[in-house]
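Contents: one structure, followed by commentary.
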Amino acid sequence: MAVVEMGKLNLVAMSYEKDRVLNALQRTGATEIKLHSQTEYASPMTADSESLKEYLSGLEDALSKISESVNKYISQNKIKSDLQKDGFEITYSEFIGAKDLKAEADETVKEVNRILDEQKKYSAELAKIKRTLAEAEIYSSVKQPLKVENTAHARFKMGTIPAAAKDKFIQAIGELPLASYSFVSSGDESELIMVAAHKSEVEKTDAVLQSFGFAKCPFDDGRTGEEIYNSLKRREQELEKELNENSDLYAFKDRIRNLRIYCDFVAFELEKAELAEKLLATQTTFLLEAYVPVEAEEGVRQALTEVSPAIYFEFSKPSADEVPPTLLKNNKVVKNFEAVTNMYSAPNSRELDPNTVMAFFYSLFLGFIMADIGYGIMMILGGCFLWLKNSRRDNMIGRLGGVFAIGGIFTVIWGVLFNSFFGFSILPFKVMPDLQGANMSWSLSGINVPALLIISMLIGVGQIFAGYVCLAVQCWRRGKIADGIFDGIVWAVFSVGVELAIAGFVEQFHVPILATVGGIIAGASLLVAIFTAGRHEKLLGKFTKGFGSAYGVINYASDILSYARLYGLMLAGAVIADIITSNSVSLISSGNVAFIILGIAIMVIGHVFNLAIGLLGAYIHDARLQYVEFYGRFFEGEGQLFTPLGSKHKHVYVLNN
C-alpha cells in the first residue's frame, strides 16, 4: 500500500510550442497542471474558451440526437449493435489525428441541424393544421361555398354555437320577427347554423348570437366546406409524411464513431484552452507548473525532449506548504476498495494509504453479514462479471464488482463456518454458534448474551486495534516517534487488554485468567495514556488532556457497541433465508406439481431478493464502520485525486501507444 510520491515540473517554452508541449504531456498520462505561482516578469495567459465550449455543445447535441434515433431504431427492430455503446478503445495516434475529422463533423452537425429545423417547421405547421382541422370538421358536410353574400335588405351569417345551447338559442332567436335560422350540421359539441336577418334587426341578432357564444365561420375563400376539409386533411398527411422521412437520423449511423472521437478531441482542446488561467506568459514564452509522479519523471523528460530542444524544464520537490494531488498505487485486489474510501474522502498525499488494511476488514465484515456459501458463490460470479467487463476502463461499477467478488470469498468462508447453503445445512460440522436456538447464547459474567453479538464486538476491537497501529505507523513515517508510541501503540495495547478481558469473561471459553490479564493490560495502558496525553500542553492543559483521555474510554466502549450492527444484519438475513427455505421445502415436498413449481419460484426469487437487500445493507453499514470506527483513529483525508491532463474522456478509451 502506498501513496505515490509526487514531484513538481517547472517548464518554460516558446509560446508557439504550447500546443505541442501540452499534447506531449497529455500522452504521458502523468502530468496534472497546477496554478502557476506569480512572478514579476510574467502575467497570466488569456484565452477565449467560450466559443470552443459552444462549438463542443453543438457537436454533443447533434451526437445525442443521432444516438437517440439509432437507439430507437435498434430497440424497435430488436437488433444487436455496438452503436449504442460509449467507451470503445482507440489508439493515441487516432485520437490526436481526430483534428482531421473536423470537416466531416461540421457537415454532420450542419445536416442534423437542417433536419431538426425542418422538423420544427413541419411540427409547428402540423400543429396549426390539426387545430384548423378541428374547426373545419363541422363544415366538412357543406357542399356549397362557405362564403356568404349579403343582399340589399338581408344580412347572413354562418358559424357555430355550443350544442348544449341549441334549445335556448331557438327560443331566443324566435323572438326576433325579422330573423330566421337554419341548422346546417351537428357535431359532438357544436351546431353549425346559418342565420338571416333584416338589416334593421342586425344589432339585435348579433346580440343574441354573442350571448350564445357564436363563432363566425373562419373560412371565406369561396370553397365549399368539403373542399376545405379535404384540402386540410391532405396537407396533414403530407406533413406527417415529411416528418417521418426527415426525423430518421439513423442514416448517420456510420458517422457516430468518428463523431464521438471528435467530440472527445474537442473536449481535450477545450481543456487546454481553459488551462490558460493556470499558466503565465511573457511576450514570447509561456510558463507551466505541474505535478508529476516521481516514478514517471523520466518518461515526462523524454516526451518533452522529443518536442523541441528549445524547452527548459526541471523537476523539484513540492514545498512543505503544498498539498500535491493523491495518486494511489495498489495491487488489482486492493485497488477495487479505493472506490469505497474515495466515496468518503480520498487520503491526502502526505498520509498513510489505508486501503489494504481497510480492504481486509471490509471483506471480513461483508462476509460475516452475508455468511452463506450460496450467497457467496453468487457474489463471486456477479462481482467477477462486473469487474472483468469494466476492468479496462477502471470505472466505479467495475471496482464495486471487485469489492463484492472478494467479499463473496469471505462470505463462502463464513458460510462454511456457519454450515449454511441458501439456509440448508450441508456439511457434517458447524464451527460457529447457532444464530437461534438453545446454543445461541454465551454467558458473559453470568449474563446470557447472543454468542454472535460477542463475536461481533471482538472482531470490532480487532479493527480498532488495527486503527491505532495505523496511527502509530503514520506518526513514525513523519518522524514523530513519541506520538506514535503514546497515541497509537499505547491505545493498541489497551485494545489487546479489552479483547482478552472480554474473552476471559465468557464462561464458554474456560479461560477466566484472561479477564485478569486483560484487565491489567488495559488498566496499565490507560494510565500511561492519561499521563502522556498532555505532553505537548502547558500547565492546566496537561491535566485536562489526561482527563480527556480517561473520558475517551466511554467513546471507546460506544465504538465497540457499534459493531453490534454486524450481528443485527446477519441475523436479519439469516432469518429471512430460513423462512424462504423452510416454506419452499414444504411446498416442494408436498408432491403437488403446482406447489413444486411455486416452491422453486419462491426459493429462487426469495433468495435473490434477500441477497440484494442484504448486500445493500451490508455495503452501507460496513462502509459506515470503516469511515467512523476505523478511519476515526488515524485517517485525515481531504485529498484530491491525481487527474492527469487529458485523462477525462466521455466517449472513448485512449490506449497509450
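Worth pointing out:
- Residue within region 507-521 that is surrounded by fewer than 18 Cβ atoms within 10 Å (Cβ to Cβ) and over 30 Å from Met432 (Cα atoms) present: no
- Given (1) within 20 Å of Gly467 (Cβ to Cβ); (2) at pLDDT below 85, index of the condition Thr532 fails: (2)
- Residue within region 309-316 that is surrounded by fewer than 20 Cβ atoms within 10 Å (Cβ to Cβ) and within 30 Å of Lys65 (Cβ to Cβ) present: no
Here's the yes/no breakdown for (1) out of contact with any Lys or Arg (no Cβ under 9 Å at 6 or more places or on another chain); (2) polar (S, T, N, Q):
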| residue | (1), (2) |
| --- | --- |
| Val4 | no, no |
| Asn23 | no, yes |
| Leu52 | yes, no |
| Leu59 | yes, no |
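- Leading residue by the ranking (farthest from Val333 (Cα to Cα)) among those in region 398-454 that are without any contact (Cβ under 8 Å) to a residue 60 or more places away in the chain and of a type in the set (D, E, K, R): Asp434
- Single residue of Val553, Val608, Val604 found to be β-branched (Val, Ile, Thr), under 30 Å from Trp491 (Cα atoms) and surrounded by fewer than 16 Cβ atoms within 10 Å (Cβ to Cβ): Val553
- Residue check: Leu453 meets all listed conditions (1) farther than 19 Å from Met358 by Cα; (2) surrounded by 22 or more Cβ atoms within 10 Å (Cβ to Cβ); (3) under 36 Å from the mean Cα position of the chain (by Cα) but one, namely (2).
- Residue in region 408-419 that is touching a Ser or Thr at 6+ places or on another chain (Cβ under 8 Å), closer than 30 Å to Gly632 by Cβ and not assigned by TED's automatic domain parsing to the domain that holds Arg478 present: yes
- For region 257-289, residues that are over 18 Å from Met14 (Cβ atoms) and of a type in the set (S, T, N, Q) total 1.
- Of all residues in region 267-289, those that are of a type in the set (Ser, Thr, Tyr), surrounded by 18 or more Cβ atoms within 10 Å (Cβ to Cβ) and in a loop (DSSP other than H, G, I, E, B) total 0.
- Of all residues in region 490-538, those being charged (D, E, K, R), farther than 16 Å from Met457 by Cα and under 44 Å from the mean Cα position of the chain (by Cα) number 0.
- Test for Glu201: is it in a strand (DSSP E or B), without any contact (Cβ under 8 Å) to a residue 60 or more places away in the chain and not β-branched (Val, Ile, Thr): no
- Residue that is out of contact with any Pro (no Cβ under 7 Å at 6 or more places or on another chain) and of a type in the set (S, T, N, Q), where the choices are Ser231, Ser190: Ser231
- Any hit, region 586-596, residues being touching a residue at least 24 places away in the same chain (Cβ under 8 Å) and either surrounded by 14 or more Cβ atoms within 10 Å (Cβ to Cβ) or among the aromatic types (Phe, Trp, Tyr) (or both): no
- The condition of being hydrophobic (A, V, I, L, M, F, W, C), closer than 29 Å to Gly637 by Cα and not in a strand (DSSP E or B) holds for only one of Val473, Val511, that being Val473.
Here is a yes/no grid of residues against (1) of a type in the set (S, T, N, Q); (2) in a helix (DSSP H, G or I); (3) surrounded by fewer than 19 Cβ atoms within 10 Å (Cβ to Cβ); (4) modelled with pLDDT of 90 or more:
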{"site": "Asp221", "(1), (2), (3), (4)": "no, no, yes, no"}
{"site": "Glu226", "(1), (2), (3), (4)": "no, yes, yes, no"}
{"site": "Glu238", "(1), (2), (3), (4)": "no, yes, yes, no"}
{"site": "Leu243", "(1), (2), (3), (4)": "no, yes, yes, no"}
{"site": "Lys253", "(1), (2), (3), (4)": "no, yes, yes, no"}
{"site": "Phe265", "(1), (2), (3), (4)": "no, yes, no, yes"}
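- Count of residues meeting criterion [at pLDDT 80 or above and of a type in the set (Ser, Thr, Tyr)] in region 46-86: 7
- Of all residues in region 362-403, those satisfying the criterion of being aromatic (Phe, Trp, Tyr) and surrounded by fewer than 24 Cβ atoms within 10 Å (Cβ to Cβ) are Phe385, Trp387.
- The residues of region 14-50 that are of a type in the set (S, T, N, Q) and under 20 Å from Lys650 (Cα atoms), listed by number, are Asn23, Gln26, Thr28, Thr31, Ser49.
- Residues (more than 14 Å from Glu32 (Cα to Cα) and charged (D, E, K, R)) located in region 278-321: Glu295, Glu298, Arg301, Glu306, Glu314, Lys317, Asp321
- Checking Lys143 against (1) closer than 15 Å to Cys217 by Cα; (2) surrounded by 15 or more Cβ atoms within 10 Å (Cβ to Cβ); (3) in contact (Cβ under 8 Å) with a residue 60 or more places away in the chain, the condition it does not meet: (2)
- Odd one out for Leu539, checked against (1) aliphatic (A, V, I, L, M); (2) at pLDDT 90 or above; (3) on the phi > 0 side of the Ramachandran plot: (2)
- Failed item in (1) among the charged types (D, E, K, R); (2) at positive phi; (3) surrounded by 17 or more Cβ atoms within 10 Å (Cβ to Cβ), with Glu32 passing the rest: (2)
- Unique match (being closer than 26 Å to Trp414 by Cβ and either at pLDDT below 90 or more than 42 Å from the chain's Cα centre (by Cα) (or both)) among Asn555, Asn610, Asn583: Asn583
- Given (1) among the basic types (Lys, Arg); (2) within 21 Å of Val266 (Cα to Cα); (3) surrounded by 12 or more Cβ atoms within 10 Å (Cβ to Cβ), number of the condition Lys72 does not satisfy: (2)
- Restricting the first member to region 104-125 and to residues that are not assigned by TED's automatic domain parsing to the domain that holds Lys233 and surrounded by 14 or more Cβ atoms within 10 Å (Cβ to Cβ), and the second to residues that are small (Gly, Ala, Ser) and modelled with pLDDT under 90, the beta-carbon pairs closer than 8 Å and six or more apart or on different chains are Ile115/Ser247; Gln119/Ser247.
- Region 263-294, residues that are under 25 Å from Met6 (Cβ atoms) and among the charged types (D, E, K, R): Glu271, Lys272, Glu274, Glu277, Lys278, Glu289
The values are calculated or read from the model by the stated rules, or taken from the named source; none is laboratory data. These numbers come from a predicted model, not from an experiment. Counting neighbours? That spans all protein chains shown, and the Cβs are built from the backbone with ideal geometry, glycine included.
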